[in-house]
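Chemist: Sharing a structure with you now.
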Amino acid sequence: MKHYYKLDEWNIIEQGFNADNNEISESIFSLGNGYMGQRANFEEDYSGTSLQGNYIAGVYYPDKTRVGWWKNGYPEYFAKVLNSTNWIGINIKINDISLDLAKCSVKQFERVLNMKQGYLQRSFVAVLSNGNEIEVNSKRFISMKRGEIGTIKYSIKPLNFKGKLEITPYLDGDVMNSDSNYDEKFWDEISSEVKPYEGYMMLKTKKLDFHICTYMTYEITKNGEIIKPIAEFKQSEKYISNNVLVHCNENDEVVIYKYVANTSSRYYEKDELIGITKKLCSKAKMDGFETLLKEQADAWEEKWKESDIVIDGDIPAQQGIRFNIFQLNQTYTGEDYRLNIGPKGFTGEKYGGSTYWDTEAYCIPFYLSTSQEKVSKNLLLYRYKQLDKAIENAEKLGFTNGAALYPMVTMNGEECHNEWEITFEEIHRNGAIAYANYNYVNYTGDKSCLGEFSFEVLTAISRFWAQRATFSKSKNKYVILGVTGPNEYENNVNNNWYTNKIACWTLKYTIEVLNYLSQNEPERLSELKKKLNFKDSEIITWNNIIENMYYPCDEELGIFLQQDGYMDKEQILVSELDKKHLPINQNWSWDRILRSCFIKQADVLQGIYLFEGEYDTDTIKRNFDFYEPRTVHESSLSPCIHTILATKIGNYDKAYEMYLRTSRLDLDNYNNDTKDGCHSTSMAGTWMAVVHGFGGLRVCDNKLILNPFIPKHWRSCSFKITFRGALLNIKFNDSILQIQNENDISVNLSIYNSDHTLNGNALLEIPIQ
Ligand code: BGC
């Protein structure tokens, strides 16, 4: 495979300016800090193809729905995270000619994403139409320590001329979302002010009244000395700028340091916004670029301490996994339970920045192992706080008695998706939300959430399943009809095995939690029962469903069937398809996809992954060997699950093949769609592929289980995780497993079926079996 970006363990490097690749690089080189983020647009004017994007987490707009054929139950509005004020802008004119990389000749272009220290750097030499040659070096970052602060150092050097250099730092709020349904602009200006060397702009969204305030200030140096040229200022609707004129000689270096603060009414009172934003911005300027950069490197050092994965002997794999971890840590930091993780993070507009089941099924395992407990707990709280909306959502569809159906796609708890086969039928998402509560308790051992909020969420979801399952007289079993499983290449099917499985699992787990609370927190339980109007007869109904649920299977093949009638389909393997048909979602009509046996993403295998403990290795192998050759992996969420199961059954070549597909998906633009943004949620799946797959990590009975296997292309692999307060560095090669406890909290482990206690700061070494 030819790699467009240079291979490097800690950096993503683009060498040479390739305008055709620009939108892809804008996604890849994105920056963020959980609070805000942006695509890697250029600071200076660029008239070539570009998708401009600056986003503030949680600042969204309910855009009026566009739909072909209206169905009752569809949402009127779609929430989408807004493209907001472009704060990076610094236009440059050299002897009256604008610097625009689309209109000059570009030499020595290099763009570097330094993942170790968290900044983006760009350098190039541009030859303008009048022959003037300049060298530009820029460095910028979004502070991990100061959520609201972004900073740029932009240096310009005339290489073969002397003359006029005009520098125009600006803020531009006149931006729109490229996915706006009716080409509307979503922002109104509230106020702005600009004077020499500083200015602000406050905007508000046309609906919902989110206010954001952006403040900029800057400093200019020439050959290292601060200079204060006269600054002219300009103000128009949703736009402010300064313009400074500097006279330069050949090889003078002029640097502009631009400091920006972005605040929103999500965190501050509206009437305080301007004052606070100015203060934050001035403080950043006072502390200076180098101090902020040092803080940034320190903050990233801390992040890497908890979450790094080191792969020795395979640079593409090393770069791939670090890129994934870097993007995940840029996307969500877990301080605010009102925020979540959009499938594209801050790297693009697709999926509207909304929340999907991706968070619970893929992202929570990453944050559980690499961050403090509160980070995953906040993700659980996000759904708890939206429970009332999920109940309303279910009521709209005819469910009663506090049954909840969480939306397929949401920002504030309301459904933001309108394809009936997904909105109404892809109900397995409810199960992932229930499972995430279990996962949190199982991993952390912290059961406080059960009484605090999990029981309420679980009861509401169980009530939904109990009403959604119906009794089939002909089968003498409970069935769940008219659903779409995780495999979206089948719609409106009956008895999707995964959905039936996760529905019954939810019922069982809810009863288990109820029993736990009745033994350990009886008072809280009676409070909750009262609040939920919970009747013990519900438990009888749930048990009846659990005991009598129908699970499609093929006895002869010894496999679970994805849904009723799956074996009626013509059984062809992906390997038998001519490559020109792939991806089928870009080459086939929808009905052809639906009629085929091809599977978009792990479905039965997703269930086997979640409930692996219930199945012996032969059962897992039979199902894997049947479904893997029929899976086209046209969802980025798929290959990671296949990696994990392939390692479980010892199919190591397949595991490695699937791993490569997930880890460099965006860097190698595998699905030809990176320009829309990176696949941020599937990046957590890549992490799972290494840690749960090659590391074989599981948690069972309060013990950490490891079962490592090293792909033959790697000399060694090590990953950092936190588990029950201990910080572990787990390293393995083909002969030895070493577990170094990096703090003083001891931890219980089970390795190759024997138990160990690893004391604080101790090292455990075990030969690989
Ligand atoms: C997948 C879904 C996923 C969504 C967002 C779709 O292509 O089929 O499972 O939730 O993308 O990542």
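Chemist: Which residue out of Ile276, Ile240, Ile212, Ile220 is within 26 Å of Leu159 (Cα to Cα) and either at pLDDT 95 or above or over 33 Å from the mean Cα position of the chain (by Cα) (or both)? Spell out how you get there, then give the answer.
Modeler: Numbers: Ile276 fails: within 26 Å of Leu159 (Cα to Cα); Ile240 fails: within 26 Å of Leu159 (Cα to Cα); Ile212 fails: within 26 Å of Leu159 (Cα to Cα).
Answer to the selection: Ile220.
Chemist: Now for a different question. If we scan the range 617-627, do we find a residue that is in a loop (DSSP other than H, G, I, E, B) and of a type in the set (Phe, Trp, Tyr)?
Modeler: No: the range 617-627 contains no residue that is in a loop (DSSP other than H, G, I, E, B) and of a type in the set (Phe, Trp, Tyr).
Chemist: May I ask you to list the residues in the range 160-214 that are touching a Lys or Arg at 6+ places or on another chain (Cβ under 6 Å) and of a type outside the set (Gly, Ala, Ser)? Steps first, please.
Modeler: Within the range 160-214, the subset touching a Lys or Arg at 6+ places or on another chain (Cβ under 6 Å) is 166, 169, 173-174, 176, 181, 186, 188-190, 211.
Across the range 160-214, the qualifying residues are Glu166, Pro169, Asp174, Met176, Asn181, Phe186, Asp188, Glu189, Ile190, His211.
Chemist: Mind listing whichever residues of the range 589-617 are within 16 Å of the ligand (Cβ to nearest atom) and surrounded by fewer than 18 Cβ atoms within 10 Å (Cβ to Cβ)?
Modeler: Scanning the range 589-617 gives Trp590, Leu594.
Chemist: Within the range 421-442, work out how many residues are surrounded by fewer than 21 Cβ atoms within 10 Å (Cβ to Cβ) and more than 16 Å from the ligand (Cβ to nearest atom).
Modeler: Here the count works out to 4.
Chemist: Just give me the residues in the range 177-193 being in contact (Cβ under 8 Å) with a residue 24 or more places away in the chain, assigned to a strand (DSSP E or B) and surrounded by fewer than 19 Cβ atoms within 10 Å (Cβ to Cβ), in sequence order.
Modeler: If the condition is that a residue be in contact (Cβ under 8 Å) with a residue 24 or more places away in the chain, assigned to a strand (DSSP E or B) and surrounded by fewer than 19 Cβ atoms within 10 Å (Cβ to Cβ), then Glu189, Ser191, Glu193 are the ones that fit.
Chemist: Okay, next question. If I ask for residues that are in a strand (DSSP E or B), among the polar types (S, T, N, Q) and open to solvent by 10 Å² or more (accessible area, probe 1.4 Å), which ones from the range 243-265 would you list?
Modeler: Asn243, the sole residue that qualifies.
Chemist: I'd like to check something: does the range 168-176 contain any residue that is within 31 Å of the chain's Cα centre (by Cα), under 23 Å from Asp63 (Cα atoms) and open to solvent by 50 Å² or more (accessible area, probe 1.4 Å)? Working first, answer last.
Modeler: Kept after step one, since they are within 31 Å of the chain's Cα centre (by Cα), are these residues of the range 168-176: 170-176.
Those still in the list that are under 23 Å from Asp63 (Cα atoms) too: 172-176.
Remaining after also requiring open to solvent by 50 Å² or more (accessible area, probe 1.4 Å): 174, 176.
Yes, that holds for at least one residue.
Chemist: Can you name the residue in the range 675-712 that is aromatic (Phe, Trp, Tyr) and away from the ligand (no atom under 16 Å from the Cβ) and, of all such residues, is nearest to the chain's Cα centre (by Cα)? Can you show your working first?
Modeler: Taking the range 675-712 and keeping what is aromatic (Phe, Trp, Tyr), we get 687, 694, 709.
Then drop every residue that is not away from the ligand (no atom under 16 Å from the Cβ), which leaves 694, 709.
On the way: Phe694: 22, Phe709: 27 Å.
Only one residue tops the list, namely Phe694.
To keep it simple, each residue is scored yes or no on (1) touching a helix residue (DSSP H, G or I) at 6+ places or on another chain (Cβ under 8 Å); (2) aromatic (Phe, Trp, Tyr); (3) within 16 Å of the ligand (Cβ to nearest atom).
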{"residue": "Lys477", "(1), (2), (3)": "yes, no, no"}
{"residue": "Gly482", "(1), (2), (3)": "no, no, no"}
{"residue": "Ile502", "(1), (2), (3)": "yes, no, yes"}
{"residue": "Glu512", "(1), (2), (3)": "no, no, no"}
{"residue": "Pro522", "(1), (2), (3)": "no, no, no"}
{"residue": "Glu527", "(1), (2), (3)": "no, no, no"}
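Chemist: Tell me, yes or no, whether the range 636-643 has at least one residue that is in contact with a helix residue (DSSP H, G or I) (Cβ under 9 Å, 6 or more places away or on another chain) and modelled with pLDDT under 95.
Modeler: yes
Chemist: Right, next: Asn672: in contact (Cβ under 8 Å) with a residue 60 or more places away in the chain and open to solvent by 20 Å² or more (accessible area, probe 1.4 Å), yes or no?
Modeler: No; evaluated as a whole, the condition is false for this residue.
Chemist: Kindly provide the set of residues from the range 186-217 that are within 19 Å of Met36 (Cβ to Cβ) and hydroxyl-bearing (Ser, Thr, Tyr), ordered by number.
Modeler: Tyr200, Thr205, Thr214, Tyr215, Thr217
Chemist: Further, regarding this structure: Scan the range 115-131 for residues that are in contact with a Ser or Thr (Cβ under 9 Å, 6 or more places away or on another chain) and of a type in the set (Lys, Arg) and jot them down.
Modeler: Answer for the range 115-131, where residues must be in contact with a Ser or Thr (Cβ under 9 Å, 6 or more places away or on another chain) and of a type in the set (Lys, Arg): just Arg122.
Residue-by-condition table, conditions (1) open to solvent by 30 Å² or more (accessible area, probe 1.4 Å); (2) assigned to a loop (DSSP other than H, G, I, E, B); (3) within 16 Å of the ligand (Cβ to nearest atom); (4) in contact with a His (Cβ under 6 Å, 6 or more places away or on another chain):
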position	(1), (2), (3), (4)
Ile276	yes, no, no, no
Leu280	yes, no, no, no
Glu302	yes, no, no, no
Ala317	no, no, no, no
Asn324	no, no, yes, no
Asn329	no, no, no, no
Lys344	no, yes, yes, no
Tyr384	yes, no, no, no
Lys389	yes, no, no, no
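Chemist: Quickly run through the range 34-67 and pick out the residues that are part of a strand (DSSP E or B), closer than 15 Å to Arg266 by Cβ and open to solvent by 20 Å² or more (accessible area, probe 1.4 Å).
Modeler: Tyr60 - this is the single residue of the range 34-67 that is part of a strand (DSSP E or B), closer than 15 Å to Arg266 by Cβ and open to solvent by 20 Å² or more (accessible area, probe 1.4 Å).
Chemist: Let me ask you something else. Might you let me know whether the range 357-367 holds any residue that is over 16 Å from the mean Cα position of the chain (by Cα), touching a residue at least 24 places away in the same chain (Cβ under 8 Å), away from the ligand (no atom under 15 Å from the Cβ) and under 21 Å from Thr506 (Cβ atoms)?
Modeler: First, the residues of the range 357-367 that are over 16 Å from the mean Cα position of the chain (by Cα): none.
The answer is no; no qualifying residue exists.
Chemist: State which residue is nearest to the ligand (Cβ to nearest atom) when the search covers only the range 346-356 and only residues that are closer than 20 Å to Gln601 by Cα and assigned to a helix (DSSP H, G or I). First the steps, then the outcome.
Modeler: Going through the range 346-356, the residues closer than 20 Å to Gln601 by Cα turn out to be 350-351, 355-356.
Adding the requirement that they be assigned to a helix (DSSP H, G or I) leaves 350-351.
Numbers: Lys350: 9, Tyr351: 6 Å.
Top of the filtered list is Tyr351.
Chemist: Only one of these is over 28 Å from Ser638 (Cβ atoms), out of contact with any Cys (no Cβ under 7 Å at 6 or more places or on another chain) and either assigned to a strand (DSSP E or B) or of a type outside the set (A, V, I, L, M) (or both): Ser750, Ser718. Name it.
Modeler: Ser750
Chemist: Right, next: Please indicate, with yes or no, whether at least one residue in the range 9-20 is in contact with a strand residue (DSSP E or B) (Cβ under 8 Å, 6 or more places away or on another chain), of a type in the set (Asp, Glu) and surrounded by fewer than 22 Cβ atoms within 10 Å (Cβ to Cβ). Break it down into steps so the answer makes sense when it comes.
Modeler: Our first condition is that a residue be in contact with a strand residue (DSSP E or B) (Cβ under 8 Å, 6 or more places away or on another chain); within the range 9-20, this holds for 10-17.
Next, only the ones that are of a type in the set (Asp, Glu) stay: 14.
Now drop any that are not surrounded by fewer than 22 Cβ atoms within 10 Å (Cβ to Cβ), which leaves none.
For the range 9-20, residues in contact with a strand residue (DSSP E or B) (Cβ under 8 Å, 6 or more places away or on another chain), of a type in the set (Asp, Glu) and surrounded by fewer than 22 Cβ atoms within 10 Å (Cβ to Cβ): absent.
Chemist: While we're on this one: Taking the stated definitions as given, is Val67 within 29 Å of Ile422 (Cα to Cα) and modelled with pLDDT of 95 or more?
Modeler: no
Chemist: Given the structure, is Arg715 away from the ligand (no atom under 16 Å from the Cβ) and more than 24 Å from Val375 (Cβ to Cβ)?
Modeler: Values: away from the ligand (no atom under 16 Å from the Cβ): yes; more than 24 Å from Val375 (Cβ to Cβ): yes.
Yes: the conditions hold for Arg715.
Chemist: Can you tell which of Tyr478, Tyr489, Tyr516, Tyr498 is in contact with a Leu (Cβ under 7 Å, 6 or more places away or on another chain) and either of a type in the set (Val, Ile, Thr) or not in a loop (DSSP other than H, G, I, E, B) (or both)? Give the steps one after another, and end with the answer.
Modeler: Details: Tyr478 fails: in contact with a Leu (Cβ under 7 Å, 6 or more places away or on another chain); Tyr489 fails: either of a type in the set (Val, Ile, Thr) or not in a loop (DSSP other than H, G, I, E, B) (or both); Tyr498 fails: in contact with a Leu (Cβ under 7 Å, 6 or more places away or on another chain).
None of the others qualify; the one that does is Tyr516.
Chemist: Something else: What number of residues within the range 194-242 satisfy the criterion of being among the β-branched types (Val, Ile, Thr), part of a strand (DSSP E or B) and surrounded by fewer than 14 Cβ atoms within 10 Å (Cβ to Cβ)?
Modeler: Going through the range 194-242 one residue at a time, the tally reaches 2.
Chemist: Condition (residue is surrounded by fewer than 17 Cβ atoms within 10 Å (Cβ to Cβ) and away from the ligand (no atom under 16 Å from the Cβ)) applied to the range 656-664: is it met by at least one residue?
Modeler: The answer is yes; a qualifying residue exists.
Chemist: Over 24 Å from Gly482 (Cα atoms) and either within 16 Å of the ligand (Cβ to nearest atom) or touching a residue at least 40 places away in the same chain (Cβ under 8 Å) (or both): which single residue out of Leu561, Leu582 fits that description?
Modeler: Leu582
Chemist: Counting just the residues of the range 460-477 that are among the hydrophobic types (A, V, I, L, M, F, W, C) and surrounded by 24 or more Cβ atoms within 10 Å (Cβ to Cβ), which one comes out farthest from Lys529 (Cα to Cα)?
Modeler: Residue satisfying both the conditions and the ranking: Ala469.
The values are calculated or read from the model by the stated rules, or taken from the named source; none is laboratory data. Just so we're clear, the structure is a prediction, and the values are computed from it rather than from any experiment. Positions of Cβ are backbone-derived with ideal geometry, glycine not excepted, and every protein chain shown enters the neighbour counts. Keep in mind that these areas ignore ligands, DNA and RNA; they rest on the heavy atoms of the full protein, side chains included. Shrake-Rupley method; radii C 1.70, N 1.55, O 1.52, S 1.80 Å.
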